[in-house]
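Report on the structure given below.
The values are calculated or read from the model by the stated rules, or taken from the named source; none is laboratory data. Everything quoted here is computed from the prediction, not taken from an experiment. Glycine also receives a Cβ, built like all others from the backbone with ideal geometry; neighbour counts cover every protein chain displayed.
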Amino acid sequence: MKVILKENVDGLGQIGDLVNVKPGYARNFLLPRSLALLANTRNIKELEHQKRQLERKLQLVTQQAEVLKQKIEAVKCLFEHRAGEEGKLFGSVTTADIAEKLIEAGIEIDRKKIQLAEPIKALGEFEVPVKLQGNVSADIKVSVVASE
């Protein structure tokens, strides 16, 4: 018996998979718990339609993320902090600081999407990755210089 999974089922498949199972398993377990639908022509066509809609949404989100990526990569963040003789900062540059600079440049990004493992505590130039929607990633150029 062919069924379309509505939920992830361990050992059987993922949401939207068309699987072949024994009739008793479908009738007594999958269908009563609303884990699957019978794979008739109407349900198969509906599943294909939903997959096409999801693909369109993913393409749209990816295109918007690519535009945002270009804007982000055009911005260069410059921070002036007091530093010691060895180039160590008195303080640090955090994701919140980088997010503020991006907001000043007109780009609204949640600071949690900025992938900075540890706060920057030294002078120099750094590339900081930003995770965007649709598996798109951008790199921000961050420069930290000593203030006089």
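Scan the stretch 8-28 for residues that are assigned to a loop (DSSP other than H, G, I, E, B) and in contact with a helix residue (DSSP H, G or I) (Cβ under 9 Å, 6 or more places away or on another chain) and jot them down. If you could, list the steps in order and put the result at the bottom.
First, pick out the residues of the stretch 8-28 that are assigned to a loop (DSSP other than H, G, I, E, B): 8, 10-12, 14-17, 21-22.
Across the stretch 8-28, the qualifying residues are L12, G16, V21.
Can you tell me which residue within the stretch 106-128, out of those that are over 28 Å from G84 (Cβ atoms) and surrounded by 13 or more Cβ atoms within 10 Å (Cβ to Cβ), is nearest to the chain's Cα centre (by Cα)? Step through it out loud before you land on a result.
Narrowing the stretch 106-128 to residues over 28 Å from G84 (Cβ atoms): 106-110, 112-113.
Right, trim to surrounded by 13 or more Cβ atoms within 10 Å (Cβ to Cβ) and you get 107, 109, 113.
Values: I107: 17, I109: 12, K113: 8 Å.
Once the filter is applied, the top-ranked residue is K113.
Test of understanding: among K71, K57, which residue is within 19 Å of S137 (Cβ to Cβ), part of a helix (DSSP H, G or I) and under 18 Å from the mean Cα position of the chain (by Cα)?
On the way: K57 fails: within 19 Å of S137 (Cβ to Cβ).
Step by step, each of K71, K57 is checked, and only K71 is within 19 Å of S137 (Cβ to Cβ), part of a helix (DSSP H, G or I) and under 18 Å from the mean Cα position of the chain (by Cα).
Is one or more of the residues making up the stretch 123-137 in a helix (DSSP H, G or I), outside the structural domain of I15 (by TED's automatic domain parsing) and out of contact with any Lys or Arg (no Cβ under 9 Å at 6 or more places or on another chain)?
In the first step, residues of the stretch 123-137 are kept if they are in a helix (DSSP H, G or I); the result is none.
Looking through the stretch 123-137, none of the residues is in a helix (DSSP H, G or I), outside the structural domain of I15 (by TED's automatic domain parsing) and out of contact with any Lys or Arg (no Cβ under 9 Å at 6 or more places or on another chain).
Would you check if E55 is surrounded by fewer than 12 Cβ atoms within 10 Å (Cβ to Cβ) and modelled with pLDDT under 90?
yes
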